[in-house]
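Asker: My questions will all concern the structure given below.
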Amino acid sequence: MAAEPLDLLIVGAGPAGLLSSIIASQLGLSHRVIEARGGLHPEPSAHVLKTHAMEIYRRVGVAEAIHASATPAQLMRYITWCDSVAGLIYGQLDLTGMRGDVPRFNNISPTHSANLPQSLLEPILHARARQLAGGDMVNFGTAFQGFEQTPECVISTVLTQEGSRQIQSRYVIGADGARSAVRRAAGITFEGPRVLANFLAIHIKSDVRPLLTRAPGVLFFVRRQVQEGFFIMHQPVGSQVFMLRFDPTRQPFESFDERRCAAIIEDAMGYEHRFEISSIDQWAMSAQIATEYRRGRVLLVGDAAHRFPPTGGLGLNTGIEDVENLIWKLAAVLRGKAAAALLDTHAVETRPIAVRNTNQSVTNHRRMQEVDAAIGLDQTPAAFSELKQALADNPQHERFAAIQSAVRAQIAHFAFLELEMAAVAEAGAFIPAARPIAYPVPELEGYQPSFQPGNHIPHLWLAPGVSTLDRLAFDRFTLFAPEESAAAWSSVASRLGDDVMSVNVISLPADARSPIASAADFWGGKPYAVLVRPDGRIGWVEPESCHDRFEQLQRAMRAILSPGALTSRPVERILA
Ligand SMILES: Cc1cc2nc3c(=O)[nH]c(=O)nc-3n(C[C@H](O)[C@H](O)[C@H](O)COP(=O)(O)OP(=O)(O)OC[C@H]3O[C@@H](n4cnc5c(N)ncnc54)[C@H](O)[C@@H]3O)c2cc1C
């Protein structure tokens, strides 16, 4: 047993655990990551990295590597509904201009969304974690089993091939996925439906470039009366997966042997396709959220705290936002710069986001039935077979228009700005504005940037290639001050005591801007200082009448870092 406890024990080396390690290293926190598997995740799974996830990845220095390996834009044009990948196409959602490196995103962020399979993302995160730590912080083949808490630390029991041993740490982060042993050991339960549907995941390796010439895209929904599933073309040459909905009570998982799965793939591809099956798994589509995110010194992030349908690609992205929210708070508490109560704001701020994202994912899943109905899948087998023939014979068939209309109605599932950008916190470690806040940009798809506390700081270019987001640091607050008062704010910030985190003052010129608005537009009148937390969330804005800057800033910092009793807004019901 180590004499000096680690600051953090991170359980799980998935996307949430690896990002936790990266930020912990940036903050100089002593930590280890334990991972039950012998190596990183072998299969692609998640692939959609939303704009805000890419903003976080930009902050930790991996965005360029991700963009360099991501799916090229020309291969992401369509979402396709079809009888088979090479067969009859029922309808297509054209995402031109809606995803990736397009003004829609570049106008509101210094980066943009990307598509990269989890099996390629994790090695990038792992390499960065190793680089920052100066060695590998991940202990593979080490499974968390349980813990005991003392007033000062957590004593975790872990199992390796050599037997079990104990690790002491001040805090434990449960980033160990949906079946989290940390969550169970903490006695925290999930609420919400455990099984919405069961899927078989047949992973293959092949070259699908010929298919992508006809319908360039990553997602193909294969719609048949007897076979409902979807292909994710993670790589044109490399990994792809077919997810087949199945009923395990009628078709046991064990009955899907390699021969049967090969036949399913051939059928869903709709032409003679050369492939190799790399694995066959099953998974249950759930919509569940942990009732609590913290039990003393044990905290949950990622799928350990919430799991929901992949419809919308929000799972991994929500976990990344959890980590962004939590690690700086842990560092502040560990360094004596904040009260332990700050850790309760992790759930207050992020749990409602998980509820929203869960419900959105369930809604996306359900709305897909509108396309199925438009295709005519609810008809008798004979009538549907006749209809299919008629559609194949006549590209002008009137049903195509109805299908296309149902397909277009799915757009919020695949491109919706509110879900692309950092979520707005309704309650938490921030102070409501004591001044009017301007909204210079009309709301678009639920997204409306502003200087309102609880929002993320909007992206504005401060210099070529340098965004407001690039000036944030996880170990300090950032005060964006009008040019004329920046020097005065700097001197005020330098007098803050050791009991709070430090504040770095950045001069914000009125003409600093993004393509959609300038700093002056966001001020909307008299310029004022904006205090931004290490995770980018606005914590406080200078009040309309600010007589004593030092007193006001110190009071704001103390209120944010040592929050009193916090209540979340009433938690919405999880859709069942
Ligand atoms: C088939 C499939 C498709 C998906 N598609 C998408 C998608 O398109 N978009 C999206 O956003 N999300 C998708 N997801 C969800 C996404 O993969 C998860 O949300 C994401 O991986 C969660 O990251 P995480 O780090 O929280 O957990 P995980 O990735 O599950 O990582 C947890 C890690 O903890 C380890 N672990 C578990 N128990 C222990 C233990 N006792 N001790 C030590 N280590 C342990 C595991 O081995 C694992 O490596 C998909 C999931 C599945 C199954």
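Read-outs: derived from the displayed coordinates by stated rules, not from any lab. Since the structure is predicted, the reported quantities are computational estimates derived from the model, not experimental observations. Here Cβ is always computed from backbone atoms with ideal geometry, including for glycine, and neighbour counts include all displayed protein chains.
Asker: Dipole of the chain, Cα-centred, from +1 at each Lys and Arg C-beta and -1 at each Asp and Glu C-beta, to the nearest 20 debye?
Answerer: The dipole of the chain has a size of about 520 debye.
Asker: With just the Cα atoms defining each centre, how far is the stretch 117-138 from the stretch 280-339? Give it in Å.
Answerer: First find each Cα centre; the distance between them is then 19 Å.
Asker: Modelling each spin label as a point 7 Å along the Cα-to-Cβ direction, I'd like the Asp247/Gln131 distance in nm, to one decimal.
Answerer: Distance between the two pseudo-spin positions: 5.1 nm.
Asker: If I require 27 Å or longer along the helix axis, counting alpha carbons, and a Kyte-Doolittle average no lower than -1.0, what helices from the chain are left? Use full DSSP H segments.
Answerer: Length and hydropathy pass: 315-334, 344-375.
Asker: Can you give me the C-alpha center-to-center distance between the stretch 177-255 and the stretch 420-465, rounded to a whole angstrom?
Answerer: Between the Cα centres of the stretch 177-255 and the stretch 420-465 lies a distance of 36 Å.
Asker: Among DSSP beta bridges lying fully in the chain, give the percent that are antiparallel, nearest 5.
Answerer: Of all bridge pairs located within the chain, approximately 75 percent are antiparallel.
Asker: Counting only the backbone N, which residues of the stretch 243-265 are under 20 Å from the spot 7 Å out from the Cα of Arg194 toward its beta-carbon?
Answerer: 246-254
Asker: How many Å³ per residue does the convex hull of the Cα positions in the stretch 173-242 occupy?
Answerer: Spread over its residues, the Cα hull of the stretch 173-242 gives 143 Å³ apiece.
Asker: Right, another one. With r defined as the distance between the Cβ atoms of Gln166 and Val237 and R0 fixed at 45 Å, what FRET efficiency is calculated, to the nearest 0.05?
Answerer: Step by step, r from the Cβ atoms, then E = 0.45.
Asker: Next up: Taking 0.36 nm per residue of separation and subtracting the Cα-Cα distance, what length does fully extending Ser279 through Arg495 add?
Answerer: Net length gain for the segment: 71.8 nm.
Asker: While we're on this one: Remind me, relative contact order of the stretch 1-145 in percent, using alpha carbon pairs under 8 angstrom and six or more residues apart?
Answerer: Computed value for the stretch 1-145: 37 percent relative contact order.
Asker: Helix-derived [θ] at 222 nm for the chain: sum -39500 (n - 2.57) over DSSP H runs of at least 4, divide by residue count, nearest 500?
Answerer: The helix-only estimate for the chain comes to -9500 deg cm²/dmol at 222 nm.
Asker: Under a cut-off of 12 Å between alpha-carbon atoms, report the aspartates and glutamates in cross-link reach of Lys337, not counting same-chain residues fewer than 8 places apart.
Answerer: Straight-line reach from Lys337, under 12 Å: Asp475, Asp498, Asp499.
Asker: Follow-up question, since we're still on this one. Could you tell me the center-to-center distance, by alpha carbons, between the stretch 32-55 and the stretch 341-406 in angstrom?
Answerer: Cα centroid of the stretch 32-55 versus Cα centroid of the stretch 341-406: 27 Å apart.
Asker: Where the eigenvalues come from the Cα gyration tensor of the stretch 426-561, what are the semi-axes √(5λ) of the equivalent ellipsoid, largest first, in whole Å?
Answerer: 22, 16, 15
Asker: Taking every DSSP beta bridge that has both residues in the stretch 426-561, what percent is antiparallel when rounded to the nearest 5?
Answerer: Antiparallel bridges: around 70 percent, rounded to the nearest 5.
Asker: Kirkwood hydrodynamic radius for the chain: how many Å is it when counted over pairs of different Cα atoms?
Answerer: 25.2
Asker: Label-point separation (nm) for Glu370 and Glu258, each offset 7 Å from Cα along Cα-to-Cβ?
Answerer: 4.3
Asker: Under 28 Å from the Cα of Lys205, which lysines turn up, not counting those fewer than eight places away in the same chain?
Answerer: Those lysines meeting the cut-off are Lys50.
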